[in-house]
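One structure below.
The values are calculated or read from the model by the stated rules, or taken from the named source; none is laboratory data. These numbers were taken from a predicted model, which means no experiment stands behind them. Positions of Cβ are backbone-derived with ideal geometry, glycine not excepted, and every protein chain shown enters the neighbour counts.
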Amino acid sequence: MDSLPLHFRPPIFNFPSASAVVFNQNSYPIPYKHHLKRFQKKFCQNRLLTVSFALAESESPGSLNVQSLLQELVDCFALPPDYFAQLPNDLRLDLNDAAFDLSNGRVLDECGQELGETLLNLSRAWELADTSTACSIVSKLPSLEASLTENAKSAFGKRLASAGRRFESMGEYGQGELQRIAKAMIKTGRLLSATPVTTTTDERPRQESRMFKFGELQVEFTPDKAFIGAAFGFAFGILSWELSQGIQSIPESSLQYANDNALLLAKSLRGALLALCYSSTLLSGFASVGLILLGIQLKSKEQ
């Protein structure tokens, strides 16, 4: 063999073991076990990432956190039946302000029919200092949250946070129940108000309205109502002016009484009636002018 020429010598191949190397169609050696382990490791990593991402999406704060915070708010309203009725007068005024912030304006349009009526009933219970009714209404809020739209959640959150700040301004009272309610309302309101609001192209922009609320009376200001109120104020001003002129036309010399004390009392009453009539005329004039300007402003906004 050594004497053979170089080009006649048979080729010598050194193959590795069959268990370590396999041949593909192009006859390139591939380490089978090594690639199989890498593929299995990569597949498991991708599977773990997919599962963890799905769990993160299912536990989004839009569902679990809001429900837990609303339930915490319900627990904070576990108060004695006469708790609101025993509040001092200044705290009762703050409670009425919280009721106004909760249900002011177009609450039915912004929060929906069901939630809007619930907020109106809750604010009425606060105004009447009816603790039992208020606690019963608050317990319904967690069940209503799931059916709300994104816009309704945002509007509800803003109202809840505003009312919570009213509770926060009441300060410490009793065992700190008001401050716990305030913290729960503000925390829940901020989370709900952070909900992204969706706008549609075919939705008309709602006109702003001015509301007047005194106790259970709630009146919406419109241009027509403002002009009608100005007309009534003008008529009352004329009536007060005519009455003052009639009293002033009576001369003091015509006042005849039995003694000086009765005469002095009559003059005092005459002066008081004149002052009352003149002040009523002046206030009616200012109110009429203010209502006319308000009606013009509201009418220009509508146009």
Practice task
Give Gly246, Gly271, Gly229 a once-over and let me know the one that is in a helix (DSSP H, G or I), surrounded by 17 or more Cβ atoms within 10 Å (Cβ to Cβ) and not aliphatic (A, V, I, L, M).
Solution key: Gly229
Practice task
State which residue pairs qualify: first residue part of a helix (DSSP H, G or I) and inside region 103-127, second residue basic (Lys, Arg) and modelled with pLDDT under 85 in any location, beta carbons under 7 Å apart, and separation of 6 or more residues or different chains.
Solution key: Asp109/Arg206
Practice task
Identify, from the list Leu263, Leu274, the residue that is at pLDDT 85 or above and out of contact with any Cys (no Cβ under 8 Å at 6 or more places or on another chain).
Solution key: Leu274
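In the list Ser193, Ser154, which residue meets the criterion of being at pLDDT below 85 and touching a Ser or Thr at 6+ places or on another chain (Cβ under 6 Å)?
Selected residue: Ser193, the only one of Ser193, Ser154 that is at pLDDT below 85 and touching a Ser or Thr at 6+ places or on another chain (Cβ under 6 Å).
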Practice task
Could you identify the single residue in Glu127, Glu114 that is acidic (Asp, Glu) and farther than 18 Å from Leu192 by Cβ?
Solution key: Glu127
Fill in the blank from the handout: Among Leu148, Leu160, Leu144, the single one that is of a type outside the set (Phe, Trp, Tyr), buried (at least 19 other Cβ atoms within 10 Å of the Cβ), in the same structural domain as Phe100 (by TED's automatic domain parsing) and outside any loop (DSSP other than H, G, I, E, B) is Leu160
Practice task
Determine if region 232-254 includes at least one residue that is modelled with pLDDT of 85 or more and closer than 30 Å to Arg106 by Cβ.
Solution key: yes
Fill in the blank from the handout: Those residues of region 78-98 which are in contact with an Asp or Glu (Cβ under 8 Å, 6 or more places away or on another chain) and of a type outside the set (A, V, I, L, M) amount to Tyr83, Phe84, Asn96
Problem - Near pairs, Cβ below 6 angstrom, 6+ apart or cross-chain, from region 76-101 (in contact (Cβ under 8 Å) with a residue 60 or more places away in the chain and more than 9 Å from Glu127 (Cα to Cα)) to any residue that is polar (S, T, N, Q) and surrounded by 18 or more Cβ atoms within 10 Å (Cβ to Cβ) - result: Leu79/Thr131; Tyr83/Thr131; Asp101/Ser162
